[in-house]
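Have a look at the structure below before the remarks.
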Amino acid sequence: MGLAGQTGAGLEWVTHPVGSPHLVIATTHLLHADSDCTGELALLVEDAWQNSGLGGSLIRYALAHASVLGLRSVMVRTQRSNDRMLAICRALGAYNPSRGRQGTDVELVLPAT
């Protein structure tokens, strides 16, 4: 995985297999949100690389780097039907500040490490 860049708004990583830097298999974005101490995490993993533990590893990596941006927590927005992402977030101690809301999306907050 390589650090693609750091801007005033956040950090971004591009993940590729060892020896294949031209083959992007995941992107991770850790950005400042509306709150000074809460960031927003976006993750996209290529279909062929899902169910391999990569998503969880990338989320843990981003959470470990959240302090670089002065973040204490990170928000993840996903579809209620995304069982994999929901399971990863729950395993990492996520809570749902909008519990009980209806709709297709859910927002979860993860503690930064």
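The values are calculated or read from the model by the stated rules, or taken from the named source; none is laboratory data. These numbers were taken from a predicted model, which means no experiment stands behind them. Virtual Cβ from ideal backbone geometry, glycine too; neighbours counted across all protein chains shown.
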Leu110: passes all of (1) within 15 Å of Leu11 (Cα to Cα); (2) of a type outside the set (Asp, Glu); (3) surrounded by 14 or more Cβ atoms within 10 Å (Cβ to Cβ); (4) touching a strand residue (DSSP E or B) at 6+ places or on another chain (Cβ under 6 Å) but (1)
Spot the failing condition for Ser73; the list is (1) free of Cβ contacts under 8 Å to residues at least 24 places away in the same chain; (2) under 22 Å from Asn96 (Cα atoms); (3) not hydrophobic (A, V, I, L, M, F, W, C), and only one is missed.
(1)
Could you list, in sequence order, the residues of the stretch 1-53 that are among the aliphatic types (A, V, I, L, M), part of a strand (DSSP E or B) and at pLDDT 90 or above?
Leu11, Val14, Ala26, Leu30, Leu31, Leu41, Ala42, Leu43, Leu44, Val45
Pairs, first more than 12 Å from Glu12 (Cα to Cα) in the stretch 37-66, second aromatic (Phe, Trp, Tyr) and assigned to a helix (DSSP H, G or I), C-beta under 9 Å, six or more apart
Gly55/Trp49
Going through the stretch 41-64 in order, the residues found to be closer than 17 Å to Gly93 by Cα and either touching a Ser or Thr at 6+ places or on another chain (Cβ under 6 Å) or crowded, with 19+ Cβ neighbours inside 10 Å (or both) are Leu41, Gly55, Leu58, Ile59, Ala62, Leu63, Ala64
Enumeration of residues in the stretch 64-113 that are touching a helix residue (DSSP H, G or I) at 6+ places or on another chain (Cβ under 7 Å), assigned to a loop (DSSP other than H, G, I, E, B) and aliphatic (A, V, I, L, M):
Leu92, Ala112
